[in-house]
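A.B. asks: Just passing along the structure, written as structure tokens.
The values are calculated or read from the model by the stated rules, or taken from the named source; none is laboratory data. In this text the structure is predicted, and so the values were computed from the model without any measurement. Every residue, glycine among them, receives a Cβ derived from its backbone with ideal geometry; neighbour counts consider all protein chains shown.
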Amino acid sequence: MSVQTGAKRSEGGLGEIIRVVFHALIIALVIRTFLFQPFNIPSGSMIPTLLVGDYLFVSKYSYGYTHYSLPLSPDLFSGRIPDSWLPERGDEGHSWHVLTVLVPLEEARMSRPEFMEAMKEHGIAVGVHYPAIHLFSAYKAMGYREGQFPNAERIGRQTVTLPLFPTMELADVDRVVAAVTHVLRGGRR
């Protein structure tokens, strides 16, 4: 049995704490960078158990890695590694996260909240992701005001975000399309 002095014991305690914290940070960084990423549900989901504000962990492995997968997003490479992990798709620039559409609300004689409520009655959650940016409080503080960019404001008022996610089945897509068509033709549930 060995006896340690008080100075040696406190030095080992502090050193051990620093070592454990350092290892925990490295492990968290590796997991966050290469394996999983926390994701916050920003708007309604077609999956009834996911609510706005819920957190879940998303596997990064399924879709490969970009330079955005790395901490601070250093521009070390372009594209996705490996490129073959993504299925073929027609739109190279789409994020597969949200599908934002410009809805002919004026022709349908309804407001965006009315459209969203009608879609909700069909069991389809619809969100809003891209309002006119110059109307945000930070831009208003810089002197921007309503009326300066009428096209951006009109588009911001008439866009909605429809459900889109990688595991969405064709039957789900058909259900969303049928609901949008029904609502825009004046039908409600």
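A.B. asks: Of all the residues that make up the stretch 135-154, how many are surrounded by 15 or more Cβ atoms within 10 Å (Cβ to Cβ) and modelled with pLDDT of 90 or more?
C.D. replies: Start the filter on the stretch 135-154 by keeping residues that are surrounded by 15 or more Cβ atoms within 10 Å (Cβ to Cβ), which leaves 135, 144, 149, 152-153.
Now drop any that are not modelled with pLDDT of 90 or more, which leaves 144, 149, 152-153.
Summing the residues that are surrounded by 15 or more Cβ atoms within 10 Å (Cβ to Cβ) and modelled with pLDDT of 90 or more in the stretch 135-154 gives 4.
A.B. asks: Is it the case that the stretch 5-28 has a residue that's modelled with pLDDT of 75 or more and of a type in the set (Ser, Thr, Tyr)?
C.D. replies: No: the stretch 5-28 contains no residue that is modelled with pLDDT of 75 or more and of a type in the set (Ser, Thr, Tyr).
A.B. asks: How many of the residues making up the stretch 103-127 are surrounded by fewer than 16 Cβ atoms within 10 Å (Cβ to Cβ), in contact with a helix residue (DSSP H, G or I) (Cβ under 9 Å, 6 or more places away or on another chain) and under 26 Å from PHE39 (Cα atoms)?
C.D. replies: Filtering the stretch 103-127 down to residues surrounded by fewer than 16 Cβ atoms within 10 Å (Cβ to Cβ) leaves 104, 106-109, 111, 113-114, 117, 120-121, 123.
Now narrow it down to the ones that are in contact with a helix residue (DSSP H, G or I) (Cβ under 9 Å, 6 or more places away or on another chain): 104, 106-108, 111, 114, 121, 123.
Next cut, under 26 Å from PHE39 (Cα atoms) only: 123.
Residues that pass the stated criteria total 1.
A.B. asks: Right, something else. Being in contact with a helix residue (DSSP H, G or I) (Cβ under 8 Å, 6 or more places away or on another chain) and modelled with pLDDT under 70 is the filter here; which residues of the stretch 61-95 pass it? Don't jump to the end; show me each part of the working.
C.D. replies: Quick first cut of the stretch 61-95, residues in contact with a helix residue (DSSP H, G or I) (Cβ under 8 Å, 6 or more places away or on another chain) only: 61-65, 69-71, 73-78, 80, 85-86.
TYR61, SER62, TYR63, GLY64, ARG80, TRP85, LEU86, listed by residue number.
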